[in-house]
Ligand code: GLA
């Protein structure tokens with residue numbers, strides 16, 4: 001997959017449908033050559049041209065030609081690597097020190113010409129994916145400290161295009177993943193989180209296209225940063241019509257100190273070039289995430305119940321057992337007790353940090369409830385928020401110095417809580433200790449790992465360079481605690497949560513099994529959130545619950561069936577107060593859970609085709625198909641019925657041409673060619689909030 005031509009100096013990374021080419025030029029600088037459709041090594045070498053002379057004394061080196069644009073010399077673009085040496089000197093001057101080429105990995109080593117600072121560019125490809133992973137390792141090989149002012153994982157350059165369009169998501173709590181597509185501005189567009197966490201407000205991925213891509217057609221260049229702390233991606237469009245982007249850890253103004261002998265390995269900033277529109281770009285990310293990111297690619301997510309919307313903080317053994325019995329009758333496979341089971345936790349004002357079951361609520365600890373849940377045939381899950389503390393807690397009274405703070409500054413509380421400094425080893429060890437005991441002692445199968453506020457006053461008094469080291473070290477220690485916990489308890493599964501979808505990224509997904517996409521469980525709002533979430537992240541990882549109506553957040557009432565059909569587009573869960581559901585509702589819910597189990601392998605492991613985006617009075621639909629085309633599921637929705645609205649047939653995708661498919665419910669047989677080319681007239685019930693699920697199974701060849 002990776003080859004090198006010594007005569008031209010070209011390295012070629014060949015994925016199944018794309019090529020990436022680069023070269024170390026005569027000055028020793030790694031230069032970008034190509035990223036797009038497949039090329040041979042010889043064709044890639046033809047792209048090596050003479051150096052273009054600077055047009056004037058005001059231009060400088062092209063900011064998009066370097067593999068990792070550095071600060072220094074006549075460079076004026078956003079640097080991906082910016083260093084300051086102990087003597088105050090800046091810049092990095094490329095000098096090659098060696099290469100290591102294998103079939104799937106490329107490492108290019110460099111050292112600054114005058115200072116003992118080593119930079120290694122890493123590339124990795126996979127035989128089954130067009131995604132190319134890149135990261136950078138910076139090592140201080142000298143005996144004086146170095147300051148890294150910016151250390152991006154990678155920079156990606158697009159070929160010259162007449163137009164550039166940027167797709168990304170913005171959001172807020174309860175409104176994550178709102179998809180935006182807008183012309184890429186000339187200059188620099190910064191997408192970032194300064195919150196210490198991935199954030200609800202932006203997510204570390206970008207897609208660029210020539211402004212012409214649709215859901216099904218067109219070339220798209222996209223990239224995703226695998227990092228769960230603060231981050232920054234800068235997309236750039238230059239006056240001479242070029243575009244690219246650079247991305248990495250930390251926001252503006254972040255410094256990372258590098259002591260003598262110390263090394264920084266950045267997280268991967270992976271990217272993919274796809275043909276076939278935004279749909280194909282999303283599918284490339286889904287397949288890559290399932291195959292190469294999540295820890296248990298072969299598993300299907302269980303149907304989950306979570307108590308949060310039913311009980312709030314009011315959890316106790318008796319009421320949880322009652323809910324668990326009802327959940328089991330519905331076919332739930334994993335029962336999760338949410339916030340409120342520990343310490344003095346009666347509201348969000350107290351108790352965080354004191355992780356022992358509240359005696360009045362659980363007089364004999366958690367074990368009787370865990371046993372009941374297991375006895376009902378379900379796995380047992382528990383909510384934890386290990387990175388947080390309420391000032392009103394025994395933990396804080398004992399360790400007030402454990403939180404992020406500056407000596408002479410206030411400690412800003414958000415949701416009445418402070419952030420524990422996970423960058424501190426003692427804090428991380430403490431968290432690992434109680435977590436591994438909690439899981440081991442109670443036979444806990446699943447943790448919902450929450451994180452309910454952004455950083456503020458992110459200081460670490462007493463630690464030299466503390467506030468600079470804190471950001472990356474916090475995330476590394478967080479990852480370390482989760483990794484140790486998983487190693488101790490191989491059967492443990494974890495849900496990533498941060499007030500809903502505040503920490504969804506490929507870094508956390510590489511060590512958790514699913515993510516809670518949003519605290520907003522309103523089916524109508526969810527359709528937009530899920531549409532944005534699924535641009536990059538697969539349905540397997542997207543927790544989606546059916547909750548009560550009127551919805552707690554929006555006051556909207558949507559039929560149970562519609563709520564189910566929306567949640568069935570992800571990893572289905574239920575979060576309503578089942579003790580108040582009528583017999584009819586419970587019966588309908590049980591039938592829908594059973595139906596989901598028949599098709600969840602398609603949702604969670606199949607290919608996603610977004611047939612039409614969520615809209616008001618139009619029919620929108622998502623289709624999940626087995627990768628071999630043997631089965632497909634169509635979920636179709638119409639929120640508002642309107643007289644005179646067009647009823648256009650929906651054209652299905654991913655079917656085996658010429659084959660026939662049987663409707664698993666009605667037995668009606670359809671021709672794949674008709675479904676694909678002329679479409680299916682979907683028979684949605686009249687009225688508002690109408691939805692359907694259609695499961696088609698390929699007939700054996702006659
Ligand atoms: C966050 C989560 C919710 C719930 C509450 C509990 O907001 O996203 O699902 O767990 O915390 O306090």
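Restricting to Cα pairs below 8 Å that are 6+ residues apart, what does the relative contact order work out to for the chain? Please round to a whole percent.
Rounded, it is 10 percent for the chain.
For residue 583 and residue 406 in the same chain, what is the full-extension length gain: residue separation times 0.36 nm, less their Cα-Cα distance, in nm?
Length gained, residue 583 through residue 406: 58.1 nm.
Within segment 221-235, find all residues whose amide N lies under 20 Å from a label point positioned 7 Å from the Cα of residue 415 along Cα-to-beta-carbon.
Within reach of a label on residue 415: 228-231.
Neighbour counts of other C-beta atoms within 10 Å: give me 305, 479 arranged from fewest to most.
Taking fewest neighbouring Cβ atoms as first place, the list is 479, 305.
How compact is segment 10-143 by the rule of thumb for globular proteins, expressed as Cα Rg over 2.2 N^0.38 Å?
1.11
Along Cα→Cβ, 7 Å out, is where each label goes; now give me the distance between the ones at residue 701 and residue 5 in nm to one decimal.
The two pseudo-label positions are separated by 4.1 nm.
Run a plain Debye calculation on segment 600-639 (Cα atoms as equal point scatterers, no solvent) and give log10 I(q)/I(0) at q = 0.15 Å⁻¹, rounded to two decimals, same order as the q list.
Calculated log10 I(q)/I(0) at the listed q: -0.35.
What does the helix-only formula give at 222 nm for the chain: each DSSP H stretch with n ≥ 4 adding -39500 (n - 2.57), the total divided by the residues, and the result rounded to the nearest 500 deg cm²/dmol?
Result for the chain: -6500 deg cm²/dmol, rounded to the nearest 500.
For the residues 625, 554, 266, what sequence is obtained by ranking on other C-beta atoms within 10 Å, fewest first?
554, 625, 266
Compute the Kirkwood hydrodynamic radius of segment 547-700, taking the inverse of the mean of 1/r over all pairs of distinct Cα atoms, and give it in Å to one decimal.
16.3 Å
Ratio to report: Rg/Rh of segment 415-493, with Cα atoms as the point set and Rh obtained by the Kirkwood method; give two decimals.
On the Cα set of segment 415-493, Rg over Rh gives 1.01.
Based on DSSP, what percent of beta bridges with both residues in segment 432-553 are antiparallel, to the nearest 5?
10 percent
Let me test this: with uniform point scatterers at the alpha carbons of the chain, what is the Debye-based log₁₀ I(q)/I(0) at q = 0.11 1/Å?
So the normalised log intensities are -1.19.
Restricting to Cα pairs below 8 Å that are 6+ residues apart, what does the relative contact order work out to for segment 316-403? Please round to a whole percent.
Once normalised by length, the contact order is 36 percent.
How long are the three semi-axes of the equivalent ellipsoid of segment 276-377, in whole Å, if each is the root of 5 times an eigenvalue of the C-alpha gyration tensor, listed from largest down?
That gives 35, 18, 13 Å for the three semi-axes.
For segment 113-161, treating each Cα as an identical point scatterer without solvent, what Debye log10 I(q)/I(0) comes out at q = 0.22 1/Å?
Each listed q maps to, in turn, -0.90.
In Å, what Rg and Dmax follow from the Cα atoms of segment 411-453?
12.8, 37
Send over the Kirkwood Rh of segment 1-43, from the inverse of the averaged 1/r over different Cα pairs, rounded to one decimal Å.
For segment 1-43, inverting the mean 1/r across all distinct Cα pairs yields 10.4 Å.
In Å³ and rounded to a whole number, note down the convex hull volume per residue for the Cα atoms of segment 579-619.
Each residue corresponds to 127 Å³ of Cα convex hull volume.
Arrange 661, 474, 432 by Cβ neighbour counts within 10 Å, fewest through most, would you?
Result, fewest neighbours first: 432, 661, 474.
Over segment 111-153, calculate the relative contact order: mean separation of alpha carbon pairs under 8 Å at least 6 apart, over the residue count, as a percent.
Contact order relative to length: 36 percent.
Which whole number in µm²/s is D for segment 142-299 by Stokes-Einstein, with the Kirkwood Rh taken over Cα pairs at 4 °C and 1.567 mPa s?
77 µm²/s
Using the 2.2 N^0.38 Å rule of thumb for compact globular proteins, work out how segment 305-445 stacks up: its C-alpha Rg over that value, please.
Here the Cα radius of gyration is 1.12 times the empirical estimate.
Take the Cα pairs of segment 78-223, get the Kirkwood Rh, then feed it into Stokes-Einstein at 20 °C and 1.002 mPa s and tell me D in µm²/s.
118 µm²/s
Report, please, the projected area of segment 192-254 averaged over directions, based on the convex hull of its C-alpha atoms, in nm².
Averaging across all directions leaves 5.4 nm² for the Cα convex hull.
Taken together, the values in this text are just the output of simple stated rules run on the coordinates, not laboratory data. This one's a predicted model, so the numbers in the text were calculated from it and none came from an experiment. Please note: Cβ atoms are built from the backbone with ideal geometry, for glycine as well, and neighbour counts cover all protein chains shown.
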